[in-house]
Protein chains: 2
Amino acid sequence: MTETFKKELVQRITRNLLDIQILRLTQTKPMWGYKIKKQVEALFNVKLRHGTLYPLLNSLEQKGFLTSEKQQKKGRTRKVYTITRKGQQYVEAYNSILKEQIQKHDIR
Amino acid sequence: MTETFKKELVQRITRNLLDIQILRLTQTKPMWGYKIKKQVEALFNVKLRHGTLYPLLNSLEQKGFLTSEKQQKKGRTRKVYTITRKGQQYVEAYNSILKEQIQKHDIR
DNA sequence: TACAATATGTCCTCCATCGGACATATCTCA
DNA sequence: TGAGATATGTCCGATGGAGGACATATTGTA
């Protein structure tokens, strides 16, 4: 039961807070859209449409959370995204909320 | 900056995962709709329409996460909601996801 | 006595988001 | 050589959810 709930919840959180999950992934190392798509699908068990992802990546760059750089990999062009200081701060804010939520739960 | 991000994120999380935040509140003690509304607004800084809340509470009861009992308080009727075992499990699943997300963050 | 607060409920419309389609190009392997 | 994987991009229509309106009743207070 709890396992079913967890799967369902991970999918909900991933969909609703997709930008944050993407920022968290790029925190590990710079990544391009296609790789992010595969990672999200593997880690969170969520089918991610590229029609959703690519516009989101562009908007994250516009907002200053990511910067991009085009790389050539055997003729194919990759747009590699790196997290910015601002992006880091956004993830840190998220993490501190998580910690607070857990603490409130434990105290009660 | 981080504080602005936190406010924004708490509001997003509250809106997107409102059902979970409600279950967490009823974990503390049984509550009725109006009280929940006031608590959510005070704790999370989110304006919550009762036209959103009451149907949500009914659906949480239908799904078996909450049970309700009508109480009279000086002529006014209150529909007091208590969390069920299933509701508890849902919150536990949520908490374990939070813990995992924080751990992944710390390891990196 | 009239207004604000307490308390719960439904319904409709609008807007934003998401999925799916359309579009293009290269590389690898059977 | 053809299919599947890699790689990125736009656009449109449907659907769902949220906000605001409609609805009602009691209590407390200025």
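The values are calculated or read from the model by the stated rules, or taken from the named source; none is laboratory data. These figures come from a predicted structure and were not determined experimentally. Here the Cβ positions follow ideal geometry from the backbone for every residue, glycine too, while neighbour counts run over all protein chains shown. Just the protein is used for accessible areas: all its heavy atoms, side chains included, with ligands, DNA and RNA removed. Shrake-Rupley method; radii C 1.70, N 1.55, O 1.52, S 1.80 Å.
B:K37 meets the stated requirement of being within 10 Å of DNA strand C (Cβ to nearest atom) and open to solvent by less than 50 Å² (accessible area, probe 1.4 Å).
Residues that are more than 10 Å from DNA strand C (Cβ to nearest atom) and surrounded by fewer than 12 Cβ atoms within 10 Å (Cβ to Cβ) occur in the range B:82-92; there is at least one. Of the listed requirements (1) at pLDDT below 95; (2) open to solvent by less than 20 Å² (accessible area, probe 1.4 Å), B:M31 misses just one: (1).
Just one of (1) surrounded by fewer than 14 Cβ atoms within 10 Å (Cβ to Cβ); (2) of a type in the set (A, V, I, L, M); (3) in contact with a helix residue (DSSP H, G or I) (Cβ under 9 Å, 6 or more places away or on another chain) fails for A:A42. It is (3). Of all residues in the range B:62-73, at least one satisfies being assigned to a helix (DSSP H, G or I) and at pLDDT below 95.
Listed by first and then second residue, the pairs linking a residue in the range A:41-53 that is farther than 24 Å from B:L98 by Cβ to a residue that is within 11 Å of DNA strand D (Cβ to nearest atom) and of a type outside the set (K, R), with Cβ atoms under 8 Å apart and 6 or more places separating them unless they lie on different chains, are A:H50/A:G33; A:H50/A:Y34; A:L53/A:G33; A:L53/A:I36. Inclusion of A:Y81 among residues that are touching a helix residue (DSSP H, G or I) at 6+ places or on another chain (Cβ under 8 Å), over 22 Å from B:L9 (Cβ atoms), near DNA strand D (Cβ under 9 Å from one of its atoms) and not small (G, A, S) is not warranted. Selection over the range B:10-28 of residues that are more than 13 Å from DNA strand D (Cβ to nearest atom) and either open to solvent by 70 Å² or more (accessible area, probe 1.4 Å) or among the aromatic types (F, W, Y) (or both) gives a count of 1.
Quick check, is B:V10 touching a helix residue (DSSP H, G or I) at 6+ places or on another chain (Cβ under 6 Å), at pLDDT below 95 and more than 12 Å from every other protein chain (Cβ to nearest Cβ)?
Criteria not met by B:V10.
Quick check on A:L98: is it within 13 Å of DNA strand D (Cβ to nearest atom), in a helix (DSSP H, G or I), among the aliphatic types (A, V, I, L, M) and under 25 Å from A:K6 (Cβ atoms)? When the stated conditions are applied, A:L98 does not pass them. The requirement of being among the β-branched types (V, I, T), out of contact with any Pro (no Cβ under 8 Å at 6 or more places or on another chain) and either part of a strand (DSSP E or B) or surrounded by fewer than 16 Cβ atoms within 10 Å (Cβ to Cβ) (or both) is satisfied by A:T77. Out of A:K63, A:K6, one residue alone is open to solvent by 60 Å² or more (accessible area, probe 1.4 Å) and either among the aliphatic types (A, V, I, L, M) or more than 12 Å from DNA strand D (Cβ to nearest atom) (or both). It is A:K63.
Within the range B:45-54, the set of residues being open to solvent by less than 80 Å² (accessible area, probe 1.4 Å) and of a type in the set (S, T, Y) comprises B:T52 only.
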